[in-house]
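S.K.: One structure is given below, represented as structure tokens, and several questions about it will come after.
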Amino acid sequence: MKLLKDTKILILVGCVILSILLIAVKGVSYGVDLSGGSIIVLKTEEPLSEQNMTTVTTILEQRLNANGLSDISVYPRGNDEIVVEIPESGDKLERIEKILTQQGVFVAKIDNITAYTGQDVAYVEEPGLTPSGYGVSFKLSSEGAEKFAEVAYGKGGHTVELYMDGRLVSNPVLSPGLADGKPHPDQIITVSGKYPTKEDEDEAWAIYTALKSGSLPVKVHIEYVSSVSPTLGEEFVKGAIIAGLFAFLAVGVVVAVRYRRPMIVIPILITCASEILIILGFASAINWKLDLASIAGIIASVGTGVDDQIVITDETLSRESKRVKKSIKRAFFIIFAAAGTTIAAMLPLFVMSIGMLKGFAITTIAGVLIGIFITRPAFARIVQYVVKKNY
């Protein structure tokens, strides 16, 4: 068939096949509102510069990774909010909240003299049983160990006060062996005896995380927490699929009523389905997590695509147009203008990373670009072929 030899048609077919392969191999990832999990919004005590905001988000991501959490998202919203998206975390949510809100300023004092700080910690081990109970073992840097030796010299039997964010977390008695003036890099923070409670474990993990990742430049607090169970997430996915199918059927009915010609209606529906597949393939390729906002963006971009296809079809079938190619060029002028305004409207949402609306912006922009460069040109070829053959 001559139509299948057209370059634009081959590009569309190739993109559809590639998208199907990507979806089959890599799958499509869902955000926490569809797969289940928690969204925690943190508020900083003061507006931050771009550099400090990057530091905060990096440290928070490191803290969550240090606690065995993967597939997380940490991103700024404005200059004083951070959004943390965490997949289903089970009973760890309280620990996670404590880890995120802890600034992590660690100080050890002997007789109210600073012996070392968190910046002197070179290595820290995960919480567990230590010779003195349940807690966190760590090593000081050579400079930190020398500083500690100087402050601790001759103070055996004195208390070493360990503070985290100004709060006393442990106060062991300094043994004479550690007060001999020699460097002793091995240190321990004990939070309980050999049988810790859940609160003790959460405390130890919060201390471990703060020492491992470093302190935040500012204090943060939780503004709100939103959680979705995996079961509810599955229901959202089913609902989104059903809504998409109904939207697709509604488009089919409207187009069928308008044109009443299967040779026009079927290509429009096939093009719509192809566009959805390519958008999903694009999301799979860049590992973008689809959420409800992203799905709304897909529906919006496909709806725009139908409008564009109607413009192409009407211009091509117009009795005032004696030349099909000229009509299609006029249609594409309208389409490119509309696409430009849509992308311009979405760019601020994408660049400023305004919460979940970023997903809406990405899928909408991707859908518009896929449409004007892949699906619309292919559809125009199909309509051109149909008009020449039947009219």
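S.K.: For the stretch 164-222, what does the alpha-carbon gyration tensor say about shape, rounded, prolate or oblate, given a ≥ b ≥ c as the root eigenvalues, a/c under 1.5 as rounded, and a/b over b/c as prolate?
M.R.: Verdict is oblate for the stretch 164-222.
S.K.: Where does helix 357-370 land angle-wise versus the long Cα axis of the chain, in degrees 0 to 90, nearest 10?
M.R.: So the helix axis and the longest Cα principal axis differ by about 40 degrees.
S.K.: Can you give the local net charge around Glu146? Use residues other than it whose beta-carbon is closer than 15 angstrom to its beta-carbon, Lys and Arg +1, Asp and Glu -1. Each step should come with its number before you reach the end.
M.R.: Details: positive: Lys139, Lys147, Lys182; negative: Asp120, Glu143, Glu150, Asp180, Asp186.
With Lys, Arg at +1 and Asp, Glu at -1, the net is -2.
S.K.: Now for a different question. How much solvent-accessible surface does Val253 expose, in Å² to the nearest 10, with a 1.4 Å probe and all protein chains in place?
M.R.: In the full protein context, Val253 sits at about 90 Å².
S.K.: Between their Cα atoms, which of Lys155/Lys182; Lys109/Lys182; Lys194/Lys219 are more than 24 Å away from each other?
M.R.: The answer is Lys194/Lys219.
S.K.: Evaluate the Kirkwood expression for the hydrodynamic radius of the stretch 1-136, namely the inverse of the mean inverse distance over all pairs of different C-alpha atoms, and round to one decimal in Å. Mind dumping the intermediate values first?
M.R.: On the way: mean 1/r = 0.0516 Å⁻¹.
After inverting the pairwise mean of 1/r, the radius is 19.4 Å.
S.K.: Residue by residue through the stretch 296-305, which ³J(HN,Hα) values in whole Hz follow from phi under the Karplus form 6.51 cos²θ - 1.76 cosθ + 1.60 (θ = phi - 60°), with glycine and proline marked x?
M.R.: The phi angles translate into 4, x, 4, 4, 5, 5, 5, x, 4, x Hz.
S.K.: Only Cα pairs under 8 Å and at least 6 apart count here; give the relative contact order of the stretch 86-204 as a rounded whole percent.
M.R.: 28 percent
S.K.: Related question: Provide Rg over Rh for the chain; use the alpha carbon set for both Rg and the Kirkwood Rh (inverse mean inverse pair distance).
M.R.: Using only Cα positions, Rg/Rh for the chain is 1.20.
S.K.: Rounded to whole Å, give me the distance from the Cα center of the stretch 175-229 to that of the stretch 239-314.
M.R.: The stretch 175-229 and the stretch 239-314 have Cα centres spaced 52 Å from each other.
S.K.: Given H placed 1.01 Å from N in the peptide plane, which residues other than close sequence neighbours of Leu140 have an amide H under 5 Å from its amide H?
M.R.: Those qualifying (amide H under 5 Å, at least 5 residues apart or on another chain) are Ala122, Asp186, Gln187.
S.K.: Using a 1.4 Å probe, what is the accessible area per residue for the stretch 1-149, in Å²?
M.R.: Normalised by residue count, the accessible surface of the stretch 1-149 is 49 Å².
S.K.: Treating the angle as unsigned and between 0 and 90°, give the value, to the nearest 10°, between the Cα long axis of helix 230-259 and the longest Cα principal axis of the chain.
M.R.: 20 degrees
S.K.: Could I ask something else about it? What list of ³J(HN,Hα) values in whole Hz, one per residue of the stretch 161-175 in order, does the Karplus curve 6.51 cos²θ - 1.76 cosθ + 1.60 (θ = phi - 60°) give from phi, with Gly and Pro shown as x?
M.R.: Along the stretch 161-175, the couplings run 8, 9, 10, 10, 6, x, 9, 5, 10, 6, 9, x, 8, 6, 6 Hz.
S.K.: Shifting gears a bit: Using the basic label-point model (7 angstrom from Cα toward the beta carbon), what is the Lys238 to Ile266 distance in nanometres?
M.R.: About 3.4 nm separates the two model spin labels.
S.K.: As a test question: what accessible area, to the nearest 10 Å², does Leu168 have when a 1.4 Å probe is rolled over all protein chains in place?
M.R.: My reading of the accessible area for Leu168 is about 80 Å².
S.K.: Charges at C-beta only: +1 for Lys and Arg, -1 for Asp and Glu. How large is the resulting dipole of the chain about its Cα centre, in Debye rounded to 20?
M.R.: It works out to roughly 3480 debye.
S.K.: Taking a label point 7 Å from the Cα of Thr114 along the Cα→Cβ vector, which residues of the stretch 162-187 have an amide N closer than 15 Å to it?
M.R.: 162-167
S.K.: Return one number: the angle in degrees, 0 to 90 and rounded to the nearest 10, between the long axis of the Cα atoms of helix 324-351 and the longest principal axis of the Cα atoms of the chain.
M.R.: Helix 324-351 sits roughly 20 degrees off the main axis of the chain.
S.K.: Suppose a student asked you for the relative contact order of the chain, using Cα pairs under 8 Å spaced at least 6 residues apart; what percent would you report?
M.R.: Details: 633 pairs, mean separation 87.6, N = 391.
For the chain, the relative contact order is 22 percent.
S.K.: Got a number for carbon plus sulfur as a percent of the chain's accessible area, 1.4 Å probe? Write out the running numbers ahead of the final one.
M.R.: Working: 11910 of 19840 Å².
Looking at the chain in its full context, I get 60 percent from C and S.
S.K.: Could you calculate the contour length gain from Gln51 to Ala24, that is, 0.36 nm times the residue separation minus the distance between their Cα atoms, to one decimal place in nm? Please report the intermediate quantities before stating the final value.
M.R.: Details: separation 27, 0.36 × 27 = 9.72 nm, distance 3.93 nm.
This chain segment gains 5.8 nm when fully extended.
S.K.: Using only the heavy atoms of the protein chains and a 1.4 Å probe, how would Lys147, Lys5, Lys109 rank by accessible area, largest first?
M.R.: The most accessible residue leads, giving Lys5, Lys147, Lys109.
S.K.: Sticking with this one: When the Debye formula is applied to the Cα atoms of the stretch 253-319, each taken as the same point scatterer, what base-10 log of I(q)/I(0) results at q = 0.13, 0.19, 0.23, 0.26 Å⁻¹?
M.R.: -0.44, -0.77, -0.98, -1.14
The values are calculated or read from the model by the stated rules, or taken from the named source; none is laboratory data. Not measured: the values here are computed from a predicted model. Cβ: placed from backbone, ideal geometry, glycine included. Neighbour counts: every protein chain shown. Each accessible area value is taken on the protein alone, full model and side chains, heavy atoms only, with ligands, DNA and RNA left out. Shrake-Rupley method; radii C 1.70, N 1.55, O 1.52, S 1.80 Å.
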